Amino acid sequence: MSTSIVWFRRDLRLNDNPALAAAGQAELLVPLFCFEQGLWRGRHASPNRNAYLLASLRELDEMLRKAGSRLFYRSGDPAIVLAKLAAETGAERVHINRDYTAHAGSRERRVRAALATAGAELVLHNGIACAEIEELETGSGGTYRVFTPFYRSWDGGRRRRPAGRPRRLRSPPSLGKGRPPSEGAMGVDARAKRLAAGFGPGERAARRAMRRALKGADDYGRVRNLPAEDATTKLSPQLHFGTISARELEALLLERETEGALELRRQIAWRDFWLNVIGRFPANRDLEHDERMRGMRWRRSARDLDAWKRGRTGVPWIDAGMRQLLAQGWMHNRVRMAVASYLTKNLLLDWRHGEAHFMRHLLDGDEAQNNGNWQWAGSVGADAQPYFRIFNPVRQQQRFDPDGIYVRRWLPELAELPDRHLAAPWEAPGPVLAEAGIELGSEYPEPLVDLGESRAEAISRFRDQRDRNGSAD
């Protein structure tokens, strides 16, 4: 009997899963999830994501059982695990959905070579990206480094048809199931499970969230910048783990034909852009994409970094975002940009500190997206924010949270401060602070740095860095 293995990774779903659909054509199917140590104990280990992963895998196993199969677990080096499993089951093919990170590329090459010794083939499908991004090239055959031309190419690029959900599957009856590592070994505690549950792990909850997002998509252009309304899709964890398909989401958005739906679709293009960048430039994992910015003289201040992480910078817009991250394992995108700008420009701390902190706590922590966006915010990456454009957190709050609803939600100690002083408490008169029950440096911290002075220093330091490398602005 023909046997195929489908290796689940960031595609924990039955609907629109090209690798699963192809593998399911064999008479016997082995659905596999492999726990490699770098996945759950590596440099970007996260108890929050581990909790989401384990819950999603339990549901995936349940859904596979209803279709007549089950999920098999193995631990260790995927190259060794898959070669052994192929030999044990007589599998001729291992089907996967292509991933794009440096680690994924290295792992794929080792797995392919190991399978060849077992007489099996590794078959790749497009089930993580939306478009066929490996086909997108500039007119000269190069790689897109700027989003706008990438988007034009992406917009008209080839698409696969969403794959159907398999209804009946059959697995080798005598194959041992295996089991995942324990929650304790993966650092999963009650808090991590609570945060993961808040975003609905598993495909069923993800599809409900997708349906809600589609209903609200027409208004997306308005609400996407308003964190107080809490009305964005919050689909980033589901897209990271693949409990929904980016391609299926795009197809459903195109059916709506509204400006809001098209703006949301554009965010899917940004996701593909960062997959494209990390796939073509794997060195970005550790180094600035813009070689002129390598060797930047960042400040070193453990005190300031710790205050930023805890939401104790003295700047309400920044502190609200950082406390939301700790409380929910998520942060509104408008605020993400501001807290990243503050760390790299006002505090002049290395963007890698921010990348690591986000990866530790974010349920949607994704190497391609997180790395790309941190390098963008730090003006060191592909299509980066110009170094002289620095987010002013006071103006950001006044524009996008004028009534202070978002800030007061996460900074209850400022609840009684009048709106006109909420974005910059350090400018409030003493009697106003006293009436609100606030003593700066006690109930709420004084600012770590002066926003204007730190902005000027950042522009000077970034300009000097570029000048040292012989680059004009």
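Odds and ends about this structure:
- For segment 352-377, filtered to residues that are in contact with a Lys or Arg (Cβ under 8 Å, 6 or more places away or on another chain) and assigned to a loop (DSSP other than H, G, I, E, B), the residue that is nearest to PHE281 (Cα to Cα) is GLY365.
- Residues that are surrounded by 13 or more Cβ atoms within 10 Å (Cβ to Cβ) and of a type in the set (A, V, I, L, M, F, W, C), drawn from segment 137-159: PHE147, PHE150, TRP154
- Residue match in segment 302-313 (condition: under 25 Å from SER460 (Cα atoms), surrounded by 24 or more Cβ atoms within 10 Å (Cβ to Cβ) and out of contact with any His (no Cβ under 7 Å at 6 or more places or on another chain)): yes
- Yes/no for LYS84 being within 19 Å of LEU169 (Cα to Cα) and in the same structural domain as LEU12 (by TED's automatic domain parsing): no
- If you filter segment 332-359 down to residues that are polar (S, T, N, Q) and farther than 10 Å from ILE318 by Cβ, you find that the one that is modelled with the highest pLDDT is THR344.
- Among the residues of segment 225-250, those identified as touching a residue at least 60 places away in the same chain (Cβ under 8 Å), of a type in the set (S, T, N, Q) and more than 20 Å from GLU367 (Cβ to Cβ) are ASN225, THR232.
- On inspection, ARG389 passes the criterion of being surrounded by fewer than 18 Cβ atoms within 10 Å (Cβ to Cβ) and either farther than 25 Å from GLY329 by Cα or in contact with a Gly (Cβ under 7 Å, 6 or more places away or on another chain) (or both).
- Test: residue in segment 340-351 that is assigned to a helix (DSSP H, G or I), more than 16 Å from the chain's Cα centre (by Cα) and closer than 20 Å to ARG408 by Cβ: yes
- Selection of first residues in segment 317-331 that are without any contact (Cβ under 8 Å) to a residue 40 or more places away in the chain and closer than 14 Å to GLN396 by Cβ and of second residues that are polar (S, T, N, Q) and in a helix (DSSP H, G or I), restricted to Cβ pairs under 9 Å at least 6 apart or on distinct chains, gives the following pairs, ordered by first then second residue: MET331/GLN324.
- Qualifying residue in segment 220-233 (condition: surrounded by 21 or more Cβ atoms within 10 Å (Cβ to Cβ) and small (Gly, Ala, Ser)): no
- Scan of segment 358-386 for residues that are more than 14 Å from the chain's Cα centre (by Cα), surrounded by fewer than 22 Cβ atoms within 10 Å (Cβ to Cβ) and in contact (Cβ under 8 Å) with a residue 60 or more places away in the chain, ordered by number: ASP383, ALA384
- Meets criteria (among the aliphatic types (A, V, I, L, M) and buried (at least 18 other Cβ atoms within 10 Å of the Cβ)) for ALA246: yes
- Cβ pairs under 8 Å, 6+ apart, first in segment 417-441 and assigned by TED's automatic domain parsing to the domain that holds ALA307 and among the aromatic types (Phe, Trp, Tyr), second surrounded by 11 or more Cβ atoms within 10 Å (Cβ to Cβ) and not in a loop (DSSP other than H, G, I, E, B): TRP426/LEU440
- Any chance LEU262 is under 27 Å from GLU134 (Cα atoms) and assigned to a helix (DSSP H, G or I): yes
- Within segment 160-194, if we keep just the residues that are assigned to a helix (DSSP H, G or I) and not hydrophobic (A, V, I, L, M, F, W, C), the residue that is surrounded by the most Cβ atoms within 10 Å (Cβ to Cβ) turns out to be LYS193.
- Only listed residue being at negative phi and among the small types (Gly, Ala, Ser), chosen from GLY157, GLY119: GLY157
The values are calculated or read from the model by the stated rules, or taken from the named source; none is laboratory data. Quick caveat, the model's predicted, so the values are computed rather than measured. Cβ sites come from the backbone with ideal geometry, for glycine too, and all protein chains shown count toward neighbours.
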